[in-house]
Amino acid sequence: MADRELDEWDIAHGGLRSLSSREIKVFWDGYLAHRNDPRIRHGSLYSRWRHVSDDLVVSLYLTNRSVGLFVRGQRGEGYATTASRLSAFEPALGKVLGVSLRGDYPLCYLSNHPVAMTDPANWPQAYEWLERQEKHFSNVLSEMVVGA
């Protein structure tokens, strides 16, 4: 992998330092204050979950080099189960979300925004992108999957 190519899964190349757990907490605290939405909950250190229904979640994530989101099932449900369940809504769901159900990683409808997250000056644009995508994904999933 070339030094300037973005590595989605947080492997630092080209000298980009890792985010500290404190920085990650500050980022998510800022996002939650920005959004002020009680449906967004802690997923892991690197993620927050926006529950669409009991068994459908938009997972927001943060890496050194990007922010992004994908669709998952409830805690403990594997990718194959979630992908199989969501395949009933294909190809329409993928077209409306703007991403495919299956991609390079075992994550449903993965979408990302490449940006150096080690620079807090980039956080406002990351918040805006996450909010826009989170709302879009949540609305589409509510209408096309939950409401179906």
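The values are calculated or read from the model by the stated rules, or taken from the named source; none is laboratory data. What you are looking at is a predicted structure, and each value in this text was computed from that prediction instead of being measured. FYI the Cβ positions are ideal-geometry reconstructions off the backbone, even for glycines, and counts take in every protein chain you see.
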Can you name the residue in the stretch 44-84 that is touching a Cys at 6+ places or on another chain (Cβ under 9 Å) and more than 15 Å from residue 142 (Cβ to Cβ) and, of all such residues, is surrounded by the fewest Cβ atoms within 10 Å (Cβ to Cβ)?
-> 79
Check on residue 139, outside any loop (DSSP other than H, G, I, E, B) and buried (at least 18 other Cβ atoms within 10 Å of the Cβ) | no
Considering the stretch 100-110, residues that are under 16 Å from residue 90 (Cβ atoms) and not basic (Lys, Arg), and then whichever is surrounded by the fewest Cβ atoms within 10 Å (Cβ to Cβ), we arrive at 103
Is there any pair with a first residue in the stretch 34-52 that is touching a residue at least 40 places away in the same chain (Cβ under 8 Å) and charged (D, E, K, R) and a second that is in a strand (DSSP E or B) and exposed (fewer than 13 other Cβ atoms within 10 Å of the Cβ) whose Cβ atoms are under 6 Å apart and which are 6 or more apart or on different chains, and what are they?
-> none
Give the stretch 61-86 a look and list any residue that's in contact (Cβ under 8 Å) with a residue 12 or more places away in the chain and of a type in the set (Ser, Thr, Tyr), or say none.
-> 61, 63, 66, 79, 82
What number of residues within the stretch 114-126 are crowded, with 17+ Cβ neighbours inside 10 Å and within 24 Å of residue 93 (Cα to Cα)?
-> 0
Does the stretch 57-101 hold any residues that are within 16 Å of the chain's Cα centre (by Cα), of a type in the set (D, E, K, R) and at pLDDT 95 or above, and which are they?
-> 72
Residue 102 meets each of (1) part of a loop (DSSP other than H, G, I, E, B); (2) within 25 Å of residue 24 (Cα to Cα); (3) of a type in the set (Lys, Arg) with one exception, condition (2)
